[in-house]
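The values are calculated or read from the model by the stated rules, or taken from the named source; none is laboratory data. These numbers come from a predicted model, not from an experiment. For neighbour counting, all protein chains shown are included, and Cβ atoms are generated from backbone atoms with ideal geometry for every residue, glycine included. With ligands, DNA and RNA removed, areas are computed over all heavy atoms of the protein, side chains included. Shrake-Rupley method; radii C 1.70, N 1.55, O 1.52, S 1.80 Å.
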Amino acid sequence: MDINSDTVVVTGFGPFRQHLVNSSWEAAKELARIGLGSDVDLHIMELPVAYKKAREIVCQAWATLQPQVMIHIGLVSTSKAIIILEQCGKNKGYKEKDACGFCPEKGCCVLEGPERIDSTINLKCVWKNVQVEGMDVIFSRDAGRYVCDYIYYTSLYYGNGRAAFIHVPPLSQWVTAELLGRALQTVILEILKQCKQGIM
């Protein structure tokens with residue numbers, strides 16, 4: 001696969017249960033507004049909270065855009081102002097139905113795939129290096145075994161590990177789309193710095 005070294009794809013999710021406005025997509029739109037600098041060709045995509053359709057969109061993006069890296073943003077239900085950097089995706093254990101009432105075959109992402117795939121991006125290193133105004137940043141190895149984790153694993157599988165997943169809190173009086181957009185900008189620029197230094 002050829003890699004477009006200046007192309008970055010960022011995805012967020014659409015409406016989800018009680019979250020009619022999904023903070024992950026609002027954050028992605030805000031990131032697109034403020035950008036990642038003139039040397040980055042940023043593409044944002046909204047994913048439905050549906051295993052099959054989201055997978056199709058992600059696989060097509062890898063095939064057609066061939067990005068340097070793909071960053072997935074998802075919503076985590078918490079009252080805290082935190083951003084969670086997820087290091088790996090899991091292949092099995094998907095038993096919860098999506099917004100369409102669908103569950104993956106055998107609760108699995110890729111039937112013959114490895115149990116877990118780690119990102120080639122060292123997100124622990126990113127976690128140590130970033131300071132985000134107004135928010136805490138946390139490192140994690142469990143993206144939750146729902147559509148978020150499913151898409152992350154799928155992206156890591158088809159993108160040869162060149163993906164990252166960031167969980168963000170719901171929008172609130174204290175957590176605005178602007179705050180999340182700036183936080184994502186900080187984290188993703190640190191990821192891109194790591195990519196340039198070749199320490200992935």
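In the range 94-136, what residues are among the acidic types (Asp, Glu) and on the phi > 0 side of the Ramachandran plot?
none
From LEU36, LEU42, LEU85, grab the single residue that is open to solvent by less than 30 Å² (accessible area, probe 1.4 Å) and either free of Cβ contacts under 8 Å to residues at least 40 places away in the same chain or outside any strand (DSSP E or B) (or both).
So the residue among LEU36, LEU42, LEU85 that is open to solvent by less than 30 Å² (accessible area, probe 1.4 Å) and either free of Cβ contacts under 8 Å to residues at least 40 places away in the same chain or outside any strand (DSSP E or B) (or both) is LEU36.
Give the number of residues within the range 90-108 that are farther than 16 Å from ASP142 by Cα and surrounded by fewer than 16 Cβ atoms within 10 Å (Cβ to Cβ).
Selection size over the range 90-108: 8.
For the structure I just gave you, tell me whether ASP149 is of a type in the set (Asp, Glu) and open to solvent by 30 Å² or more (accessible area, probe 1.4 Å).
Taking the combined requirement at face value, the residue does not satisfy it.
Can you find a residue that is touching a residue at least 24 places away in the same chain (Cβ under 8 Å) and not in a helix (DSSP H, G or I) anywhere in the range 184-198?
The answer is no; no qualifying residue exists.
So, in the range 152-171, how many residues would count as being over 19 Å from GLN185 (Cβ atoms), open to solvent by less than 10 Å² (accessible area, probe 1.4 Å) and either out of contact with any Phe, Trp or Tyr (no Cβ under 8 Å at 6 or more places or on another chain) or without any contact (Cβ under 8 Å) to a residue 12 or more places away in the chain (or both)?
Of the residues in the range 152-171, 4 are over 19 Å from GLN185 (Cβ atoms), open to solvent by less than 10 Å² (accessible area, probe 1.4 Å) and either out of contact with any Phe, Trp or Tyr (no Cβ under 8 Å at 6 or more places or on another chain) or without any contact (Cβ under 8 Å) to a residue 12 or more places away in the chain (or both).
Restricting to the range 60-81, count the residues that are open to solvent by 40 Å² or more (accessible area, probe 1.4 Å) and within 21 Å of CYS100 (Cβ to Cβ).
Residues in the range 60-81 being open to solvent by 40 Å² or more (accessible area, probe 1.4 Å) and within 21 Å of CYS100 (Cβ to Cβ): 2 in total.
Run ASP136 past the list (1) more than 20 Å from GLY35 (Cα to Cα); (2) open to solvent by less than 30 Å² (accessible area, probe 1.4 Å); (3) in contact with a strand residue (DSSP E or B) (Cβ under 7 Å, 6 or more places away or on another chain) and report the number of the one that doesn't hold.
Condition not satisfied by ASP136: (2).
Is it fair to say LYS29 is open to solvent by 50 Å² or more (accessible area, probe 1.4 Å) and either closer than 22 Å to VAL175 by Cα or not in a loop (DSSP other than H, G, I, E, B) (or both)?
yes
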